[in-house]
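These notes are about the structure you will find just below.
The values are calculated or read from the model by the stated rules, or taken from the named source; none is laboratory data. In this text, all values refer to a predicted model and were calculated from it rather than measured experimentally. Here Cβ is always computed from backbone atoms with ideal geometry, including for glycine, and neighbour counts include all displayed protein chains.
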Amino acid sequence: MTVALIIGDILALLVTTLIGFATHNELKSEFFLRMVAAIIPLTIAWFLLAPWFGLFQPDIIRTFAWSNGMIACSHDNQAAIR
């Protein structure tokens with residue numbers, strides 16, 4: 001399960017970086033190195049901090065309240081965008 005979380009986290013950070021570059025009209029091949037320069041330190045920082053906060057612990061992953069909190073956050077973000 002931890003491998004799935006790691007892959008999901010990397011994909012989430014990658015998508016967030018791509019969306020950030022796209023909103024600034026910099027989603028072109030000439031900005032590829034800048035994207036890599038942004039995603040690598042962000043990913044390293046995330047994987048250094050996530051275990052420290054206990055985010056890869058099985059009981060945290062399986063907690064129903066945690067998933068409800070994530071769903072609530074995503075709904076709040078959608079409301080803020082509108």
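Regarding the range 62-81, can at least one residue be identified that is assigned to a helix (DSSP H, G or I), modelled with pLDDT of 75 or more and among the hydroxyl-bearing types (S, T, Y)? The answer is no; no qualifying residue exists. When the criteria are applied in full, L48 meets the requirement of being modelled with pLDDT of 80 or more, surrounded by fewer than 12 Cβ atoms within 10 Å (Cβ to Cβ), hydrophobic (A, V, I, L, M, F, W, C) and under 15 Å from the mean Cα position of the chain (by Cα). Contact map, the range 1-20: first residue in contact (Cβ under 8 Å) with a residue 60 or more places away in the chain, second residue assigned to a helix (DSSP H, G or I) and not aliphatic (A, V, I, L, M), Cβ cut-off under 8 Å, separation 6 or more or different chains; pairs are M1/P58.
If you go through the range 1-36, how many residues are part of a helix (DSSP H, G or I) and loosely packed, with under 10 Cβ neighbours inside 10 Å? Residues that pass the stated criteria total 6.
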